[in-house]
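One structure below.
The values are calculated or read from the model by the stated rules, or taken from the named source; none is laboratory data. Keep in mind that this is a model prediction, so the values were computed, not measured. Ideal geometry is used to build each Cβ from the backbone, glycine not excepted, and the neighbour counts take in all protein chains shown.
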Amino acid sequence: MKTKHSDKDKDVLKNLGRFIESQFKKSLHKVEEVFKDNKAADDKLFSYFKVFIDDKGVASVTPSSKYLVDRVLKAMDLKHNKIVVEYGAASGVMTRKILERLAPDGRIVSIELNEKLFESLRELTPDSRLHPYRGDVREVDRIARHYGLQAGGVDVIISGIPFAFLSHAGRHELLDKTAALLRPGGRFIAYQVTTHLIPILKDHFKHVDTQFEIRNIPPHFVFTAYK
């Protein structure tokens, strides 16, 4: 496992503040669209916020906006990828949209630890393609084997879990398992509030694309890492 970072990586971190500032200036007016979307679901948002307060392992104070979901779905390229693993599925906002685009013979294993959110996730079944699992994503290797997914056999892994809450060693360990599960050319897509993943993704993947979606509460980075 590599732990050293190139000067190029350090330059990325050094200039990240400027990048974020420019994105906010370009897209700040679009935040209003998110508030309009969410006003129609105040009760649901309050319920989600309550879970967020009770469980600090929940990544965001609100469910993912349609803009963030669309950005993640585009990165997944579900026309060509059929075997999916999802870290931190929450109440299934992202999962539901994935199922709408997933091939009839596709499969998705959606992992969620929080009990209340997992109950909402289970409501998406029955769908023979969906396998909801209540557990810790740090055991993804064991969970994948439970569903017959072997190392090198997964097309896409997406993650909404807050990597910032993991230790430095814990982040590397989970990314090691993630890369091992993916097929050559497979992709890991993480949507995150913070930039904690930037210095270490290149230790595990050959190429990383970074995007920023301001039309979410809070705004998120979307990292697409290719094996």
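One table, with the values for the structure above:
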| item | result |
| --- | --- |
| Subset tally (residues that are closer than 20 Å to ILE189 by Cα and either touching a Ser or Thr at 6+ places or on another chain (Cβ under 7 Å) or exposed (fewer than 15 other Cβ atoms within 10 Å of the Cβ) (or both)) for segment 84-107 | 12 |
| Selection count, segment 135-163, where residues are of a type in the set (S, T, N, Q) and free of Cβ contacts under 8 Å to residues at least 24 places away in the same chain | 1 |
| Hits in segment 146-205 (condition: assigned to a loop (DSSP other than H, G, I, E, B), exposed (fewer than 15 other Cβ atoms within 10 Å of the Cβ) and at pLDDT 95 or above) | TYR147, GLY148, ALA151, GLY152, GLY153 |
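Yes/no per residue for (1) under 12 Å from the mean Cα position of the chain (by Cα); (2) within 27 Å of THR210 (Cβ to Cβ); (3) assigned to a helix (DSSP H, G or I); (4) of a type outside the set (Ser, Thr, Tyr):
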| site | (1), (2), (3), (4) |
| --- | --- |
| SER64 | yes, yes, no, no |
| LEU68 | yes, yes, yes, yes |
| LYS74 | no, yes, yes, yes |
| VAL85 | yes, yes, no, yes |
| MET94 | yes, yes, yes, yes |
| LYS97 | no, yes, yes, yes |
| ILE108 | no, yes, no, yes |
| TYR133 | no, no, no, no |
